[in-house]
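Working notes, beginning with the structure itself.
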Amino acid sequence: MLLKNQIALITGSGRGIGRAIAQLFAKQGAAVFLASRTEKELAAVVQEISEGGGRAEYATADLAQEAACVHVVAAARERFGRIDILVNNAGHYGPVVPIEEYALAEFDRVIAVHLRAAFLLSKLVLAEMYARGSGVILNISSLSAKAAYSWGSAYAAAKAGMLGLTRVTAAEAARKGVRVNAICPGPVRETRMSKELGADLAKRLGISAEQQLAGFLNGLLQGRAQTAEEIARAALFLCSEQSSAIVGQSINVDGGVAFY
Ligand SMILES: NC(=O)c1ccc[n+]([C@@H]2O[C@H](COP(=O)([O-])OP(=O)(O)OC[C@H]3O[C@@H](n4cnc5c(N)ncnc54)[C@H](OP(=O)(O)O)[C@@H]3O)[C@@H](O)[C@H]2O)c1
């Protein structure tokens, strides 16, 4: 077991990639604390993990709100005593529109959920990790941070911002025993966010969802989408001692699209 006796706070873990990370981390011995807005989904994941013999708890929270970030960290500590691993995964894509049509409130909200929440949650857990001299923070960024796609300005800016945040946090934390890294997933087409994005892009391009998907996947060396499980396996590597010398990096799990 790679995460025996570890306590992991994983945001956006009611479905999709966050759920896959929570399930894999629990199988690897971690107690996992889940957070998102939808209680029904969180309760279902906790039940799945508990039935598999793992330990899981949750709190509902809109992580775009500062008070909700504070609440989640406090609830995780209250339930499990400490936080060894923080995975900043929660988020939504936002409107699929060009910049001149992008509403400022929507822009702010996308930045708040991805970048601001990752900053706030890191701020809330770092002192405790420094005091122990150990800990891991993993930021789930995106291929969108490294490529150029139309109609997702806030999302790309937030995800690129997360890479800057990853490097600065890593620089501050490395000699205090805390490792900070990021993953840039490519298209994980099984998740709600990705399906909705595919449908919106197809509509905007005036093609079918199947054509949009085929065109996009054709640009990947492997020619196929990634799975949530594949992202979770990379997350496990980066949150375990297997990656003990990897610091401040962004690892592309994209089937071969970005090469830096
Ligand atoms: N799927 C892909 O192709 C892909 C590629 C690259 C990166 N990513 C990144 O991977 C992460 C997970 O995405 P996914 O594809 O798994 O999408 P998803 O299935 O839609 O999951 C998103 C998760 O984030 C939660 N969330 C969204 N807004 C939130 C908020 N304001 N407060 C708290 N939780 C919130 C959602 O729960 P509620 O809605 O219930 O709050 C859900 O649990 C995201 O950061 C995404 O940008 C995904």
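The values are calculated or read from the model by the stated rules, or taken from the named source; none is laboratory data. This structure is a prediction, so every number in the text was calculated from the model and none was measured. In this analysis, Cβ positions are derived from the backbone assuming ideal geometry, glycine residues included, and neighbour counts consider all displayed protein chains. Surface accessibility is based on the protein's heavy atoms, side chains included, excluding ligands, DNA and RNA. Shrake-Rupley method; radii C 1.70, N 1.55, O 1.52, S 1.80 Å.
Worth pointing out:
- Any hit, the range 51-65, residues being more than 9 Å from the ligand (Cβ to nearest atom), touching a Cys at 6+ places or on another chain (Cβ under 7 Å), hydrophobic (A, V, I, L, M, F, W, C) and not in a helix (DSSP H, G or I): no
- Residue ID - farthest from residue 140 (Cα to Cα), chosen from residues in the range 195-207 that are within 16 Å of the ligand (Cβ to nearest atom) and without any contact (Cβ under 8 Å) to a residue 60 or more places away in the chain: 202
- Check on residue 210, within 12 Å of the ligand (Cβ to nearest atom) and either out of contact with any Asp or Glu (no Cβ under 8 Å at 6 or more places or on another chain) or modelled with pLDDT of 95 or more (or both): no
- Residues satisfying the stated conditions in the range 213-234, i.e. open to solvent by 60 Å² or more (accessible area, probe 1.4 Å), within 15 Å of the ligand (Cβ to nearest atom) and of a type in the set (S, T, N, Q): 222
- The range 95-114, residues that are more than 9 Å from the ligand (Cβ to nearest atom) and surrounded by 24 or more Cβ atoms within 10 Å (Cβ to Cβ): 110
- Within the range 237-259, the set of residues being under 19 Å from residue 175 (Cα atoms), open to solvent by less than 30 Å² (accessible area, probe 1.4 Å) and small (Gly, Ala, Ser) comprises 240, 243, 248.
- Hits in the range 134-171 (condition: buried (at least 23 other Cβ atoms within 10 Å of the Cβ) and basic (Lys, Arg)): 159
- Of the residues making up the range 235-260, those that are of a type in the set (A, V, I, L, M), under 19 Å from residue 135 (Cβ atoms) and within 16 Å of the ligand (Cβ to nearest atom) are 235, 236, 238, 251.
- Residue 131 vs. criteria under 20 Å from residue 15 (Cα atoms), of a type outside the set (S, T, N, Q), free of Cβ contacts under 8 Å to residues at least 24 places away in the same chain and open to solvent by 30 Å² or more (accessible area, probe 1.4 Å): no
- Subset tally (residues that are more than 12 Å from the ligand (Cβ to nearest atom), assigned to a helix (DSSP H, G or I) and of a type outside the set (A, V, I, L, M, F, W, C)) for the range 67-94: 3
- Picking from residues in the range 141-171 that are under 11 Å from residue 247 (Cα atoms) and of a type in the set (Ser, Thr, Tyr), the one that is farthest from the ligand (Cβ to nearest atom) is 169.
- Conditions (1) open to solvent by 10 Å² or more (accessible area, probe 1.4 Å); (2) more than 8 Å from the ligand (Cβ to nearest atom); (3) within 20 Å of residue 93 (Cα to Cα); (4) of a type in the set (A, V, I, L, M, F, W, C); number of the one not met by residue 174: (3)
- Flag: residue 180 matches the condition of being under 17 Å from residue 115 (Cβ atoms) and β-branched (Val, Ile, Thr).
- When residues of the range 20-50 are limited to those that are farther than 16 Å from residue 86 by Cβ and within 11 Å of the ligand (Cβ to nearest atom), the one most open to solvent (accessible area, probe 1.4 Å): 40
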